[in-house]
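**Q** The structure is given below, and queries will be raised subsequently.
The values are calculated or read from the model by the stated rules, or taken from the named source; none is laboratory data. Values in this document were obtained by computation on a predicted structure and should not be read as measured data. Note that we place each Cβ from the backbone using ideal geometry, even for glycine, and neighbour counts take in every protein chain shown.
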């Protein structure tokens, strides 16, 4: 819900979503193809600047989101950098821990660094897109690119039910807490199981009512909605060119 709040209040919310999606995909592609730590860091810097300066997002908010993802990425690439074996490594650093040897080599550290920066650059691009473009605008862009209607309808319904079920789950938990449903571990587990069961039944009933409502309105397999008006940002092409040029320069010069 916080992501949607920032997306709908972004200064570039009215800009054509195909522009923003194209820029994000281009940055991800360059991070994968160029494959240099400096390229990923340049991508992170550009996405941060565009999200805050162009999109109006608070700088600390984007930084906190990126920091949480960076911690997850570091924990993931730790398995690439560190090797556990029964014999010491011939190259690099190693330490004996009982019957096992834990170590790392310059090659594994370089591989882990490339993987982390490349993934972080792509993640920053997706953060920029998610925090400046509501999902309804992305769905509208997919419709213009002739995406199968069934896929678009599923995205619309799933997106709608996320908030509906979240609201239902919040009301159920509030009712349980008012009846001391989580006073101890045993009652908490029983209350959580009851909540999940009731939420599943509520989801089934809601989907049945939704299907009846659609059929009563002449649903023929496609949800038709009016397209939203978008604006064309004249400075977007210059920004995209600057992003691509600096990423290429980071690959060539550093």
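**Q** Pick from the range 111-146 the residues that are at negative phi and not in a helix (DSSP H, G or I): which of them is farthest from the chain's Cα centre (by Cα)?
**A** Within the range 111-146, the match that is farthest from the chain's Cα centre (by Cα) is 145.
For (1) within 25 Å of the chain's Cα centre (by Cα); (2) at pLDDT below 85; (3) surrounded by 14 or more Cβ atoms within 10 Å (Cβ to Cβ), each residue gets a yes or a no:
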| position | (1), (2), (3) |
| --- | --- |
| 151 | yes, no, no |
| 161 | yes, yes, yes |
| 224 | no, yes, no |
| 240 | yes, no, yes |
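**Q** Quick check on the range 9-19. Is at least one of its residues surrounded by 14 or more Cβ atoms within 10 Å (Cβ to Cβ), under 20 Å from residue 109 (Cβ atoms) and touching a helix residue (DSSP H, G or I) at 6+ places or on another chain (Cβ under 7 Å)?
**A** Looking through the range 9-19, none of the residues is surrounded by 14 or more Cβ atoms within 10 Å (Cβ to Cβ), under 20 Å from residue 109 (Cβ atoms) and touching a helix residue (DSSP H, G or I) at 6+ places or on another chain (Cβ under 7 Å).
**Q** Can you spot a residue in the range 205-226 that is out of contact with any helix residue (DSSP H, G or I) (no Cβ under 6 Å at 6 or more places or on another chain), closer than 30 Å to residue 27 by Cβ and not assigned by TED's automatic domain parsing to the domain that holds residue 38?
**A** Checked the range 205-226: at least one residue is out of contact with any helix residue (DSSP H, G or I) (no Cβ under 6 Å at 6 or more places or on another chain), closer than 30 Å to residue 27 by Cβ and not assigned by TED's automatic domain parsing to the domain that holds residue 38.
**Q** Here's something else I'd like to know. Could you count how many residues in the range 20-58 are under 25 Å from residue 144 (Cβ atoms), more than 17 Å from the chain's Cα centre (by Cα) and surrounded by fewer than 22 Cβ atoms within 10 Å (Cβ to Cβ)?
**A** 1
**Q** Taking the condition of being under 19 Å from the mean Cα position of the chain (by Cα) and closer than 18 Å to residue 113 by Cβ, how many residues in the range 59-84 meet it?
**A** 11
**Q** Related question: Give the residue that is farthest from residue 142 (Cα to Cα), with candidates limited to residues of the range 203-247 that are touching a strand residue (DSSP E or B) at 6+ places or on another chain (Cβ under 9 Å) and assigned to a loop (DSSP other than H, G, I, E, B).
**A** Filtering first and then ranking leaves 233.
**Q** So, of the residues in the range 94-144 that are touching a strand residue (DSSP E or B) at 6+ places or on another chain (Cβ under 7 Å) and within 30 Å of residue 35 (Cα to Cα), which turns out to be surrounded by the fewest Cβ atoms within 10 Å (Cβ to Cβ)?
**A** So the residue we want is 102.
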